[in-house]
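Working notes, structure below.
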Amino acid sequence: MKNKVFIYDTTLRDGTQCEGVSMSVSAKLRVTEKLDIFGIDFIEGGWPGSNPRDMGYFEEVKKLKLKHAKISAFGSTRRANVKVEDDNQVALLIQAQTEYVTIFGKTWLLHVTDVIKTTAEENLAMIEETVAYLVKNGRKVIYDAEHFFDGYKDNPEYAISTLKAAINGGAEFVCLCDTNGGTMTDEMEKITAKAVEVAGEIPVGVHCHNDCELGVAVSLAGVRAGARMVQGTINGLGERNGNANLCSIIPNLILKMGYETNCGESLKSLRDLSLFVDEMANLRSNTRLPYVGSSSFAHKGGVHADAANKVKHSYEHIDPSLVGNKTRVLVSDMSGRASVMMKARDMGVDVDAKAPAIKEFLDELKDLEFRGYEYEAADASFALLLKKYLEGKSVEFFKVRGYRVIVERDETSKLTRSEATVKLEIDGSIEHTVAEAHGPVAALDFALRKALAKKYPQLKEVELTDFKVRIIDSQSGTSATTRVQIESKDNGAMWGTVGASDNIIVASWEALKDSVDYKLSKDD
């Protein structure tokens, strides 16, 4: 047990306090199942009574057949000067019918006297009596010492006495919370070591926040000092700057520090878990997250890409596959021949490195990037461009004869209407279609699909999932070059395309057309 660390996930409670995050009951249940499969030890499901959604979750989670994870309801100690059996919030914790209950209590005397306005003695009684009452009612208790590190720095004797109160009440774990996220790593080690010494046989946990960009670092420092539970969230979701990120903590514990966890065997599905939680939280994934982000093992500079191609670990601190990720090569005006070779192979294209077409392709690529195009997030546009040079011609499933967009604004009704007309030649026949939408790009998209629908019905599967606009040379004012990047997906894949022009409609059309061309080329 000495080298074993338990993982406690609070994504469904603390994580949902993140700005812009909201999960339905069904989403929370799906995340619960995913965390259980991954091997997370404890899942904090929410605070019973705080909102109808959390109440619904605790009703439904009982129906899941979890294989490993223990569900914990979250709440507080009893209120000051109220008998524990009369505290409605404590009663709701019992009604949640979870095996574990996690409660927090005050450690910092500032909060005791100025926030909940009670005495130091009453606060200790609140902690011990609440833990004991929950244990008496058949619950296993994890005690979260809120503001522990601030409290310890203010009055170490009192902070330690709050832990002793929880232990006397029968807590199975005492967890030290860096609630304000301001503790440094050296402070974390020193204070955690003292708490571990005091707790004796009762295992200590750490719960850290990322306000100083140290959430992961101080969590690992706590483990080095003897903590045997780490609380955190998937992708670091949480209030303010977020909680300690379990997607970094877990691989660091296993791959870098040699600790054992119950989720070690699932490490290769870590990236999948990260993406799944973002999907359930309706968030775009952070590409720069360590280990699981799509940029974690991405190489842009020609020297880096060439070295990584020859010796993988020359520019990669671990094998990306250990966490379910992979090496990516980003092609830009910084790229050399080696980068293009790696990128082409990654996309399944066989390229002769000595072919004259490769030099021509590189020259064209650098010229396009100078004019505002960018291919790092536009693999589909890159593939189409590369294919053009390798085969000596562009992919052409249809010919564009012209397009037009009209935008009308009725100031009386405050309604805007866009109408797009697209004229294509398909197998020698002209398709001339019109479509309407609120926005000009949506109208163009609808008109293009409408014109191609008969010949290429598979385009019905394609969904535009993201649309980004970037002004490249803002000093040119309204004549500035605009870059448009579009992300599309079908039933089996996702791809990005790019367009650039001093006319936003032209840039959007280029990206839309590449998206369609890539889908048809992929299926063909």
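The values are calculated or read from the model by the stated rules, or taken from the named source; none is laboratory data. The shown structure was predicted, so the numbers you read here are calculated from the model rather than taken from an experiment. Positions of Cβ are backbone-derived with ideal geometry, glycine not excepted, and every protein chain shown enters the neighbour counts. Each accessible area value is taken on the protein alone, full model and side chains, heavy atoms only, with ligands, DNA and RNA left out. Shrake-Rupley method; radii C 1.70, N 1.55, O 1.52, S 1.80 Å.
Descriptive notes on the structure:
- Qualifying residue in region 300-320 (condition: in a loop (DSSP other than H, G, I, E, B), at pLDDT below 70, surrounded by 14 or more Cβ atoms within 10 Å (Cβ to Cβ) and β-branched (Val, Ile, Thr)): no
Let's see how each residue does on (1) surrounded by fewer than 21 Cβ atoms within 10 Å (Cβ to Cβ); (2) assigned to a strand (DSSP E or B); (3) not β-branched (Val, Ile, Thr):
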residue	(1), (2), (3)
Asn491	yes, no, yes
Ala500	no, yes, yes
Ser508	no, no, yes
Ala511	no, no, yes
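- Remark: Glu374 matches the filter, which requires a residue to be open to solvent by 40 Å² or more (accessible area, probe 1.4 Å) and touching a residue at least 40 places away in the same chain (Cβ under 8 Å).
- The set of residues from region 1-60 being among the charged types (D, E, K, R), outside any helix (DSSP H, G or I), farther than 18 Å from Leu270 by Cα and open to solvent by less than 70 Å² (accessible area, probe 1.4 Å) comprises Lys4, Arg13, Asp14, Glu44.
- Any hit, region 438-458, residues being part of a strand (DSSP E or B) and open to solvent by 70 Å² or more (accessible area, probe 1.4 Å): no
- Where a residue in region 110-131 is over 20 Å from Thr179 (Cα atoms) and of a type outside the set (Phe, Trp, Tyr) and its partner, wherever it lies, is open to solvent by 20 Å² or more (accessible area, probe 1.4 Å) and assigned to a loop (DSSP other than H, G, I, E, B), with Cβ under 6 Å and at least six apart: Thr118/Ala80; Glu122/Ala80; Val131/Gly170
- Top-ranked residue in region 233-249 [being surrounded by 24 or more Cβ atoms within 10 Å (Cβ to Cβ) and small (Gly, Ala, Ser); ranked as modelled with the lowest pLDDT]: Gly238
- Applying the condition of being in contact (Cβ under 8 Å) with a residue 12 or more places away in the chain and surrounded by fewer than 17 Cβ atoms within 10 Å (Cβ to Cβ) to region 70-108 and asking which residue is nearest to Glu172 (Cα to Cα) yields Glu99.
- Scan of region 151-180 for residues that are under 31 Å from the mean Cα position of the chain (by Cα) and under 18 Å from Ala225 (Cα atoms), ordered by number: Phe173, Val174, Cys175, Leu176, Cys177, Asp178
- Taken over region 278-292, the residue count meeting the criterion of being buried (at least 20 other Cβ atoms within 10 Å of the Cβ) and farther than 21 Å from Leu255 by Cβ is 2.
- Residue in region 32-55 that is of a type in the set (A, V, I, L, M) and more than 16 Å from Cys263 (Cβ to Cβ) present: yes
- Among the residues examined, Glu213 qualifies as in a loop (DSSP other than H, G, I, E, B), open to solvent by 40 Å² or more (accessible area, probe 1.4 Å) and not β-branched (Val, Ile, Thr).
- Under the condition of being part of a strand (DSSP E or B) and farther than 30 Å from Leu362 by Cβ, the residues counted in region 388-437 number 31.
- Filter pass, Thr421 being among the polar types (S, T, N, Q) and at pLDDT 95 or above: yes
- Each residue in region 362-417 was checked for being small (Gly, Ala, Ser) and within 20 Å of Asp502 (Cα to Cα), and 4 of them qualify.
- Some residue of region 201-223 being free of Cβ contacts under 8 Å to residues at least 40 places away in the same chain, of a type in the set (D, E, K, R) and under 23 Å from Glu44 (Cα atoms): yes
- Verdict on Gly226 being touching a strand residue (DSSP E or B) at 6+ places or on another chain (Cβ under 7 Å), part of a loop (DSSP other than H, G, I, E, B), on the phi > 0 side of the Ramachandran plot and open to solvent by less than 10 Å² (accessible area, probe 1.4 Å): no
- Here the condition is being at pLDDT 95 or above, of a type outside the set (Ser, Thr, Tyr) and not in a loop (DSSP other than H, G, I, E, B); of Glu279, Glu187, it holds for Glu187 alone.
- Note on region 343-356: among residues that are part of a helix (DSSP H, G or I) and open to solvent by 20 Å² or more (accessible area, probe 1.4 Å), the one that is modelled with the highest pLDDT is Pro356.
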